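Okay, structure first, notes after.
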Amino acid sequence: MHIYAYEPLGVEGALVKVEVDIRRGIPGVDIVGLATASVRESRERVRAAIRNSSFAFPQDRVLINLSPADLPKEGSLYDLPIAVKILAESSQLPDPGFPLLIIGELTLDGCINPVRGTLPALLKAKRCGLNHFLIPEGNTDEAKRLEGALIYAIKELSELTGIFEALREGKAPSHGSSENDADPVAEADTGQQLPSGFSDYLGNPAVLRALCVAAAGRHNVLLFGPPGSGKTMAALRYPSLLPPLNEVEALEVAAIWSLRGRNLPRRGTFCHPPFLSPHHSASLEGIIGGGRPPLPGEISLAHKGVLFLDETPEFRRDVLQALREPLERGGVSIVRAGRVLFFPADFQLLMAANACPCGNLGSATKSCLCSPLEIQRYWKNLGGPLLDRIDLRMPLSMPNLVSFQGIKRPDQGKMVGNVVKAVRRQHERNSKTGLASNGRMTLEGIERFCLLSPSCTRLLKERTESLGLSARAFHSVLRLARTVADLDGLEDIDEASLAEAIGYRSYGDADAYWPF
């Protein structure tokens, strides 16, 4: 019987073959194959769990080999595969005749605890040709995302005899929980709440227009203005404009969340793009990823979704500057001890900030007490290179409370409908070339789909020279103009679309530390 375990290494990971040799000698258990302390501790957990589950632990010398031997193994997910292999080698379990991927952590009484990384383990095993899996019952909810696999759920070690009889006889697996019996603890621990809409947002309609443009093209956004201008309120409602993930995207994102032991929530059959909002005291490893063992950071958890940084200038400078490469590459490479682990991080960056340290810059009723040097130092945390990667900058002002009386509330359905139509136009246009959304459009896509009339070319040239736009900013304007045209249902970019796109980029390019 061939038993495989799983070692998380980035999102890909590696399969580990579990081998057991039982020979005569002084009773004991040895584990070889670069097993760390957390894996070596499984000897006692496995011994106690087997004895407490009405099985017999071999009274001989037991040698356990984890192959490949040059790959370090960490974690407690090796408990169950080691136990199954020992029972199989001691003729207490029948051989099903095909290889199995098994993961799970044992308790001393033989219960199986859920483990993180279940979904990427199943995906890796399926890519390697395995189609039979034995996982903890607590992980079945995320495992249901994988179609076409025979997944057997186990709650206690004593169930192994019945499960292996079913495996040998080819009986279909029965999951321990139904789709409606989601673990309330796991759901509460996701950190992902279903988005609320803009029906109660009474701010500037221009802000809603800008957010619709950002949602349609997945453009990075900066909202800035005095406290109380509605920056955070608008940002927290922004996910309600985003269309749901497709099946491939949802599976990819769910695999990343699984590495952190979290389950990507869904509403019915749909999964909303993830929305992450870390506190400004977050560390570099927490945002980018890393640690021991290396785990995905917030930017990877926000893959195919949104990373919202509230009070952005308060974040550490090294954290903010580390976002530049992932924004360009759509992922991050973590180098640890000679290994390079890649975590996808194709996220949309949404930032909110006051315009100055005291927050009064731009207020019509309060005076700013900050000196130009203090304001420059405040914005220096962002830096010119990161700000240059922000396509859309939107200043907000304090709303007139009197004007709230009788104001027409935003039409959430219309806003979402316009975004969905614009996204559909992009997909239809880009499907033949394999290009991504407008915000991720390559130079090839810009040259092909962002053609300008002579009058638009003249306008863009004049504004590029007056604003001193960089090459990246120049291409950003064209991507924005393409999205604005898509949102308005236009086949070609007209002067109005181009002028609106230039307006979104006008703030901050003349002086990166002074967004006015």
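The values are calculated or read from the model by the stated rules, or taken from the named source; none is laboratory data. In this text the structure is predicted, and so the values were computed from the model without any measurement. Positions of Cβ are backbone-derived with ideal geometry, glycine not excepted, and every protein chain shown enters the neighbour counts.
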**Study point:** Condition met for LEU373 (loosely packed, with under 15 Cβ neighbours inside 10 Å and either assigned to a helix (DSSP H, G or I) or over 33 Å from the mean Cα position of the chain (by Cα) (or both))
**Key:** yes
Exercise for review: Kindly list, by first and then second residue, each pair from a residue in region 367-390 that is without any contact (Cβ under 8 Å) to a residue 40 or more places away in the chain to a residue that is surrounded by 14 or more Cβ atoms within 10 Å (Cβ to Cβ) and part of a helix (DSSP H, G or I), limited to pairs with Cβ atoms under 9 Å and residues at least 6 apart or on different chains.
Suggested key: CYS368/ILE375; CYS370/TYR378
Review point. For ILE287, which of the numbered conditions (1) in the same structural domain as ILE407 (by TED's automatic domain parsing); (2) over 17 Å from the mean Cα position of the chain (by Cα); (3) among the hydrophobic types (A, V, I, L, M, F, W, C) fails to hold?
Key: (2)
**Study point:** Residue in region 140-149 that is over 27 Å from THR36 (Cβ atoms), in the same structural domain as PHE57 (by TED's automatic domain parsing), under 26 Å from the mean Cα position of the chain (by Cα) and part of a helix (DSSP H, G or I) present
**Key:** yes
Practice item. Scan region 260-277 and give yes if some residue there is under 17 Å from the mean Cα position of the chain (by Cα), in a loop (DSSP other than H, G, I, E, B) and without any contact (Cβ under 8 Å) to a residue 24 or more places away in the chain, otherwise no. Key: yes
Review point. Which residue out of GLY176, GLY129, GLY162 is in the same structural domain as LEU15 (by TED's automatic domain parsing) and modelled with pLDDT under 80?
Key: GLY176
Check your understanding: What number goes with the only condition from (1) surrounded by fewer than 19 Cβ atoms within 10 Å (Cβ to Cβ); (2) touching a Ser or Thr at 6+ places or on another chain (Cβ under 8 Å); (3) farther than 15 Å from GLY110 by Cα that PRO68 does not pass?
Key -> (2)
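Let's see how each residue does on (1) farther than 17 Å from GLU156 by Cβ; (2) over 39 Å from the mean Cα position of the chain (by Cα); (3) not assigned by TED's automatic domain parsing to the domain that holds GLY291:
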| position | (1), (2), (3) |
| --- | --- |
| ARG40 | yes, no, yes |
| ARG51 | no, yes, yes |
| GLN59 | yes, yes, yes |
| ALA69 | yes, no, yes |
| GLU74 | yes, no, yes |
| ALA83 | no, no, yes |
| ALA88 | yes, no, yes |
| LEU93 | no, yes, yes |
Revision key, fill the gap. By residue number, the members of region 323-370 that are in a strand (DSSP E or B) and either among the hydroxyl-bearing types (Ser, Thr, Tyr) or under 15 Å from the mean Cα position of the chain (by Cα) (or both) are GLY331, VAL332, SER333, PHE342, PHE343, PRO344, GLN348, LEU349, LEU350
Review point. Considering only residues of region 272-293 that are closer than 17 Å to ARG317 by Cα and of a type in the set (A, V, I, L, M), which is surrounded by the most Cβ atoms within 10 Å (Cβ to Cβ)?
Key: ILE287
Review point. Which number in (1) buried (at least 24 other Cβ atoms within 10 Å of the Cβ); (2) touching a residue at least 24 places away in the same chain (Cβ under 8 Å) marks the one condition that CYS356 misses?
Key: (2)
Check your understanding: Restricting attention to region 226-240, does a residue exist that is in a strand (DSSP E or B) and at pLDDT 90 or above?
Key -> no
Review point. What residue, among those in region 251-279 that are over 30 Å from GLY338 (Cβ atoms) and either in contact with a Ser or Thr (Cβ under 8 Å, 6 or more places away or on another chain) or of a type in the set (Lys, Arg) (or both), is modelled with the lowest pLDDT?
Key: ARG267
Check your understanding: Considering only residues of region 395-438 that are buried (at least 17 other Cβ atoms within 10 Å of the Cβ) and of a type in the set (Lys, Arg), which is modelled with the highest pLDDT?
Key -> ARG425
Check your understanding: Looking at (1) crowded, with 20+ Cβ neighbours inside 10 Å; (2) under 30 Å from VAL248 (Cα atoms); (3) touching a Ser or Thr at 6+ places or on another chain (Cβ under 9 Å), can you tell me which one LYS124 breaks?
Key -> (3)
Exercise for review: Run LEU295 past the list (1) touching a strand residue (DSSP E or B) at 6+ places or on another chain (Cβ under 9 Å); (2) under 24 Å from SER240 (Cβ atoms); (3) among the hydrophobic types (A, V, I, L, M, F, W, C) and report the number of the one that doesn't hold.
Suggested key: (2)
Check your understanding: When ALA255 is evaluated against the numbered criteria (1) in contact with an Asp or Glu (Cβ under 6 Å, 6 or more places away or on another chain); (2) within 28 Å of SER76 (Cβ to Cβ), which criterion, by number, is the only one it fails?
Key -> (1)
Point to revise | Residues that are more than 22 Å from the chain's Cα centre (by Cα) and within 17 Å of ALA355 (Cα to Cα), drawn from region 195-232 | key: VAL207, LEU223, PHE224, GLY225, PRO226, PRO227, GLY228, SER229, GLY230, LYS231
Study note, to complete from the structure: ILE299 meets each of (1) in a loop (DSSP other than H, G, I, E, B); (2) within 15 Å of the chain's Cα centre (by Cα); (3) hydrophobic (A, V, I, L, M, F, W, C) with one exception, condition (1)
